[in-house]
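FYI, it's all coordinate maths here, none of it is from the lab. Small disclaimer: the values here were computed from a predicted structure and weren't measured. Heads up, the Cβs are rebuilt from the backbone with ideal geometry, glycines too, and the neighbour counts pull from every protein chain shown.
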Amino acid sequence: MTLAAFGPVVTYSRKVFIPLTKLCRDVCHYCTFATTPSRVETAYMSRDAVLAVARAGAAAGCREALFTLGDQPEARYAAAREALGLLGHATTLSYLEEMARAVLDETGLLPHINAGLMNEADYAALRPVSASMGLMLESSSERLSEKGGPHHGSPDKWPALRLASIEAAGRAGVPFTTGLLIGIGETRAERIEALIAIRDLHRRYGHIQEVIIQNFRAKPGTLMVDHPEPSLDEHLWTIAMARLVLGSQMVIQAPPNLHAPEELAALLKAGVNDWGGVSPVTPDHVNPEAPWPHLALLEQATASAGRVLKERLAIGPAFALDTDRWTDPGIGRTVRRSVDARGLPITDGWHAGADAVAPALAYIGSTAGSAELEAIIATARSGERLSEDAIVRLFEADGPDVELLTRAADALRREVAGEAVTYVVNRNINYTNICLYKCGFCAFSKGSTKAMRGPAYRLDMAEVGRRAAEAWDRGATEVCLQGGIHPDYDGNTYLSVVRAVREAAPDIHIHAFSPLEVTHGATTLGLGLEAYLTLLRDAGLSTLPGTAAEILDDEIRAIICPDKLNTAQWLDVMRAAHSVGLRTTATMMFGHVEGYNHWARHLLRIRDLQVETGGFTEFVPLPFVHMEAPIWRKGLARSGPSFRETMLMYAVSRLVLHPVIPNIQLSWVKLGASGVAAALRAGVNDMGGTLMDESITRAAGGLNGQLCDPAQMAGYAREAGRYAVQRTTLYGRIGGQLQAAE
């Protein structure tokens, strides 16, 4: 069940522990965290002390600040009330809110709050300063709170009160962590009752992000120092039962520091898929006798069970992908900008369009999911159409499985396209950046002739022709023409563009007009798509770029480009172009608000149309460049895909589109030099155009230049152990033979 739902990935949170106060009104008989005023120097950590811990965590690469504290100590201790008064607060929760805000604002760490019993108003007050909160149910047995039980004398440990608090978190829309503490005197039946209670609350509110199954450890200095600890088998039984009761989609956690390293693999095989918080800075204040395992050892122990260790945020992946529902807007902005399409943080420091060295993705070995992937790869290599679920599974690959996929895709590329890396010498001519549409991802277009993120412009036909002629004189075989949808443009405008280019450079290949421009042109002249495309063809248009595709799924288009073509309309333009003899490319812009299922649907729609028409020359994945994109600046999009996702896009598209689309093209302006070399080892056979005047990616914040001349193309190919060859737009020969770049 666990592998089917989560694959081989096992998560953990890199965090610091901030024990805001160790005073507590409860007296649990196994606890060494809670203490009394006479045993502490200060009742509460000061602001400076809190921020010192948080800053140390941020410097060590932590992303979470776990606030641990006793439950309402002011209800029991005058010292707590006095200390709060000096701090300017009446309650512990009020001071907690201030400290969580300070950590969030000054260090960027996302707070997770464990503050004991709270009501809906308390959760609402803390929600703007925390990514998630938690409260261990521990047990649903009232018997344990009776005299002689471990919870006797602890008013906050009554199960009904804890369940009511967990339910209040659900009403408040808080991503929540809870769980069981096993081995404190409860029976197996009582554990099952507790799991069912958690399950029922989650079914009602959907807010339980993870359930911890923690094993009791006897601690010196407590009343339960001689109480027997649960065996490993008992822990494994409870984990397995939790997986059965809570279902395949629930995150099940077990603390990795409460077992020997050689026992961790067994926990994973029983149903665990999360190790909880691991701190490189602070100890486990709840279990101080059990130090955190070094991350390298934890990774090794995880790998021994065929799993891949990956970092997560304080908010679980599924909740991180639905921040509109589960977080305050400020927290949501931070979370969205941090994660990939799985909801896990991007930790490699790479972003499309940035001038950064590509991280290494080399791994050794295999995972518990490798055999499944190999079967999917075999199906793809046979030419069979993959299912959406199978494609999603390919995109979920991590660790050694990324290497498995990129190697398979590159081997298929070698069989289909050989060792040559092709490119076309071309020039971009973006004849206007003024556009009627307001696509959330576009930093190129301007809404009017007024300066907005740079000057607006509109080239006249003479200048369009001059640039085309200049391109031909400089050795270009193609001009690529696209622009915004200017309010003054109609179908005759695009015909004039083609004629201007054809007159100025009679033999150049005209690759022009997005499906949006084609639709605009046809509509303004009252023509059908085929009739208008025939006019363009007869005027000299050679091929069409398959841009404006973004993500071919209307759920996503409604977010990023609601006034643009819908999926069916984009496909209709491509179908019509193919029907009148115009070949086209196909593109995908990925890494903004969509998920792996949307990537799969996009690829399948491209494949299906290609099977129908045969008109696509190549597929071009375009990683989202986020820096200046309006939707990102508003905090509504992710910060582009991770490097892992980008390389998988090339590999998976090679497999999914085989054998109907033989050419997979990269975008050098988005990848940079080291990214290009990596993509050429992941199934890519084409580097696109030299461009001469790239402007759209640069407008979005890209830093990788305007021109990649043939010598640079050759250098990129050599770095990947290949050789570069100049081609025509339609992958034909130049001068009677394929021309290799010197």
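The share of alpha-carbon pairs in segment 526-654 lying farther apart than 24 Å comes to 32%. Computing FRET efficiency as 1/(1 + (r/R0)^6) for ARG474 and SER387, where r is the C-beta to C-beta distance and R0 is 35 Å, gives about 0.15. The phi torsions of segment 373-388, fed into the Karplus equation with coefficients 6.51, -1.76 and 1.60 and a -60° offset, translate into couplings of 5, 4, 5, 5, 4, 4, 5, 5, 5, 6, x, 6, 6, 7, 7, 4 Hz, rounded to whole numbers, with Gly and Pro shown as x. Using a cut-off of 15 Å between beta-carbons, work out the net charge of the residues near ALA577 (Lys and Arg +1, Asp and Glu -1, ALA577 not included). With Lys, Arg at +1 and Asp, Glu at -1, the neighbours total -3. For the listed peptides 365-376, 83-94, 659-670, a ranking on the average number of other beta carbons within 10 Å per residue, highest first, reads 659-670, 365-376, 83-94.
In summary, the convex hull built on the alpha carbon positions of segment 374-740 has an orientation-averaged projected area of 16.5 nm². For the chain, the longest principal axis of the Cα atoms and the long axis of helix 668-679 meet at an angle of about 70 degrees. Overall shape of segment 141-227 was characterised from the C-alpha gyration tensor. The equivalent ellipsoid obtained from it has semi-axes of 25, 13, 12 Å, in decreasing order. Backbone geometry of segment 411-427 corresponds, through the Karplus equation with coefficients 6.51, -1.76 and 1.60 at θ = phi - 60°, to 3J(HN,Hα) couplings of 5, 5, 4, 4, 5, 7, 10, x, 8, 5, 10, 8, 7, 10, 7, 9, 9 Hz, x marking Gly and Pro. Close amide H partners of ASP274, meaning residues 5 or more places away or on another chain with modelled amide H under 5 Å apart, are THR11, ILE252, ALA254.
Once the convex hull of all Cα atoms in segment 69-150 is built, its volume per residue stands at 119 Å³.
Note: segment 2-338, Cα convex hull, 122 Å³ per residue.
Quarter the surface of the alpha carbon convex hull of segment 505-587 and you get the mean projected area, 5.5 square nanometres. Couplings 3J(HN,Hα) for segment 318-335, derived from phi with the Karplus relation 6.51 cos²θ - 1.76 cosθ + 1.60 (θ = phi - 60°), are 5, 6, 5, 8, 9, 5, 4, 8, 10, 9, 5, x, x, 5, x, 4, 4, 5 Hz, where x marks Gly and Pro. The alpha-carbon atoms of segment 241-374 define a convex hull whose volume equals 176 cubic angstrom per residue.
With Cα atoms as the point set, the chain shows a radius of gyration and Dmax of 29.6, 97 Å. Converting the Cα gyration tensor eigenvalues of segment 340-423 into ellipsoid dimensions via √(5λ) gives semi-axes, longest first, of 23, 20, 13 Å. Here, segment 298-365 is characterised by an Rg to Rh ratio of 1.05, where Rg is the alpha-carbon radius of gyration and Rh the Kirkwood radius. At VAL416 and ALA711, where each label point lies 7 Å from the Cα along Cα→Cβ, what is the point-to-point distance in nanometres? Modelled inter-label distance: 3.4 nm. Legend: residue pairs LYS15/LYS310; LYS22/LYS219; LYS310/LYS670; LYS15/LYS269, Cα-Cα distance threshold 23 Å; pairs beyond threshold, LYS310/LYS670; LYS15/LYS269.
Seen from ASP686, the other residues with C-beta closer than 12 Å to its C-beta sum to a net charge of +3, counting Lys and Arg as +1 and Asp and Glu as -1. Contact order, relative form, for segment 2-338: 23 percent (alpha carbon pairs under 8 Å, 6 or more residues apart, mean separation divided by residue count).
With Cα atoms as the point set, segment 1-112 shows a radius of gyration and Dmax of 16.5, 53 Å. Relative to the longest principal axis of the Cα atoms of the chain, the long axis of helix 188-205 lies at roughly 40 degrees.
For MET588, the residues whose modelled amide H falls within less than 5 Å of its own, excluding neighbours fewer than 5 places apart on the same chain, are VAL620, LEU622. Given only helices, namely DSSP H runs of n ≥ 4 each adding -39500 (n - 2.57), what is the per-residue ellipticity at 222 nm of the chain, to the nearest 500 deg cm²/dmol? When only DSSP H runs of four or more count, the value is -12000 deg cm²/dmol. Between amide H atoms placed 1.01 Å from N, distances below 5 Å from LEU23 occur with THR35, GLY70, all of them 5 or more places distant or on a separate chain.
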